[in-house]
Amino acid sequence: MEFSHKPVLFDEVIESLNIKPNGIYIDGTAGGAGHSKGIAEKLTGGRLISLDRDPDAVKVATERLSGYPATVVHANFSEMATVLQKLGVESVDGILLDLGVSSFQLDNAERGFSYHKDAPLDMRMSKEGLSAKDIVNNWSVTELTEIFTKYGEEKFAYRIAKRIEQVRKEQPILTTLQLADIISSAYPAAARRDGHPARKCFQAIRIAVNGELDSLASVLDTAFGLLKQGGVLSIITFHSLEDRMVKQKFKEFSTGCICPPDFPVCVCGRMPQGTLYSRKPIMASKEELENNARSRSAALRVIIKN
């Protein structure tokens with residue numbers, strides 16, 4: 001199986017995790033095992049636990065991490081607490097989440113993630129459950145408009161949803177290029193300069209299919225709670241919705257006193273639970289931007305548990 005993978009922000013991730021040779025680490029999104037291998041190579045006596053919901057990724061990661069102190073588990077990162085419990089691990093020294101779609105999923109047309117290649121409408125990271133085809137052909141105009149607006153921040157959401165409804169009355173929408181053409185046909189010509197017209201809607205459908213924001217929301221408290229004192233949580237996001245969620249949660253973790261500013265002394269007693277590694281997200285270097293297109297929208301946020 002060809003599973004090419006260029007780990008985004010690789011050096012920055014490894015540096016941020018401050019890997020202890022005898023530490024325990026989680027890579028919640030193994031993908032092609034690029035980051036996982038980088039972590040595992042620094043372990044002597046430690047342990048890496050790599051998770052992925054994609055069975056193809058699990059197979060490849062298992063092969064690529066063979067011979068390293070690593071355990072690969074087929075699971076969503078939102079299930080990491082249950083996975084650790086089954087493995088008899090109580091806490092860890094570091095956790096990495098590389099969110100979004102892997103290079104393999106985008107590059108393999110048959111997975112149905114790309115609007116550049118024709119394939120059955122799918123987009124399921126786990127290869128199970130609700131598919132993009134189900135959403136596009138069965139959800140109401142109101143529901144489609146909502147996800148295009150909420151998850152894609154698409155200002156022409158209603159126009160696109162109505163166009164989809166018109167087309168599917170005549171014939172089912174079954175392929176990625178068919179859907180991309182429908183979206184493009186609903187787009188005003190003047191608005192087509194800002195990237196491919198289908199980009200935002202494809203993102204929105206993918207997020208809905210995989211429950212990505214729900215999984216992220218459910219794991220942030222869990223992941224931080226699993227860290228040992230001094231443990232590191234590093235998260236790479238690829239769009240503003242994810243980044244906003246991580247930024248707000250990290251701010252909550254790192255905030256101390258929340259008393260009104262006119263109180264002469266603190267009465268709440270709240271102490272910061274964590275310390276931000278950097279105030280602003282870490283972005284790709286100029287060199288990486290030139291060599292890896294996927295890094296353009298990547299943002300790394302890191303927090304250290306107090």
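The values are calculated or read from the model by the stated rules, or taken from the named source; none is laboratory data. Worth saying up front: this structure is predicted, and the values here are computed from it rather than measured. Backbone-built Cβ (ideal geometry, glycine too); neighbour counts: all protein chains shown. Only protein heavy atoms, including side chains, enter the accessible area calculation; ligands, DNA and RNA are left aside. Shrake-Rupley method; radii C 1.70, N 1.55, O 1.52, S 1.80 Å.
Restricting region 54-71 to residues that are in contact with a Lys or Arg (Cβ under 9 Å, 6 or more places away or on another chain) and not in a helix (DSSP H, G or I), the residue that is modelled with the lowest pLDDT is Asp54.
Which one is nearest to Pro55 (Cα to Cα), of the residues in region 74-108 that are open to solvent by 30 Å² or more (accessible area, probe 1.4 Å) and within 21 Å of the chain's Cα centre (by Cα)? If you could, list the steps in order and put the result at the bottom.
Here is the first cut: in region 74-108, the ones open to solvent by 30 Å² or more (accessible area, probe 1.4 Å) are 74, 78-79, 81-82, 85-88, 90-91, 106-108.
Okay, now just the ones that are also within 21 Å of the chain's Cα centre (by Cα), so 74, 78-79, 81-82, 106-108.
Working: His74: 7, Ser78: 16, Glu79: 15, Ala81: 20, Thr82: 18, Leu106: 15, Asp107: 16, Asn108: 14 Å.
Here the residue is His74.
Within region 83-99, residues that are closer than 22 Å to Thr237 by Cβ sit with their Cβ atoms under 9 Å from residues that are open to solvent by less than 10 Å² (accessible area, probe 1.4 Å) and acidic (Asp, Glu), at 6+ positions apart or across chains, in these pairs: Ile95/Asp27; Leu96/Asp27; Leu97/Asp27; Asp98/Asp27; Leu99/Glu242. Determine which member of the set Asp181, Asp214 is surrounded by fewer than 19 Cβ atoms within 10 Å (Cβ to Cβ), among the acidic types (Asp, Glu) and more than 12 Å from the chain's Cα centre (by Cα). None of the other options fit; the residue is Asp181.
If you go through region 251-282 and keep only what is touching a residue at least 60 places away in the same chain (Cβ under 8 Å) and assigned to a loop (DSSP other than H, G, I, E, B), you end up with just Tyr277.
Scanning region 231-265 for residues that are hydroxyl-bearing (Ser, Thr, Tyr) and out of contact with any Gly (no Cβ under 9 Å at 6 or more places or on another chain) turns up Ser240, Thr255.
For Ala161, the stated conditions do not hold, so it cannot be described as hydrophobic (A, V, I, L, M, F, W, C) and in contact (Cβ under 8 Å) with a residue 40 or more places away in the chain. Scanning region 8-24 for residues that are under 22 Å from Met125 (Cβ atoms) and open to solvent by less than 40 Å² (accessible area, probe 1.4 Å) yields Val8, Leu9, Val13. Considering only residues that are surrounded by fewer than 17 Cβ atoms within 10 Å (Cβ to Cβ) and either hydrophobic (A, V, I, L, M, F, W, C) or within 18 Å of the chain's Cα centre (by Cα) (or both), look in region 134-152 and name the one that is farthest from Ile182 (Cα to Cα). The qualifying residue farthest from Ile182 (Cα to Cα) is Lys150. Within region 117-133, take every residue that is open to solvent by less than 50 Å² (accessible area, probe 1.4 Å) and closer than 16 Å to Gln178 by Cα and give me the one that is nearest to the chain's Cα centre (by Cα). Applying the filter and picking the extreme gives Met123. When you scan region 167-175, do you find a residue that is under 18 Å from Phe77 (Cα atoms) and in contact (Cβ under 8 Å) with a residue 40 or more places away in the chain, even just one? No; the residues of region 167-175 include none that is under 18 Å from Phe77 (Cα atoms) and in contact (Cβ under 8 Å) with a residue 40 or more places away in the chain. Return the residues of region 184-207 that are open to solvent by 20 Å² or more (accessible area, probe 1.4 Å), touching a residue at least 60 places away in the same chain (Cβ under 8 Å) and assigned to a helix (DSSP H, G or I); say none if nothing qualifies. Across region 184-207, the qualifying residues are Arg199, Arg206. Looking at region 53-68, can you tell me whether even one residue there is surrounded by fewer than 19 Cβ atoms within 10 Å (Cβ to Cβ), among the small types (Gly, Ala, Ser) and either touching a residue at least 12 places away in the same chain (Cβ under 8 Å) or closer than 25 Å to Gly211 by Cβ (or both)? No; the residues of region 53-68 include none that is surrounded by fewer than 19 Cβ atoms within 10 Å (Cβ to Cβ), among the small types (Gly, Ala, Ser) and either touching a residue at least 12 places away in the same chain (Cβ under 8 Å) or closer than 25 Å to Gly211 by Cβ (or both).
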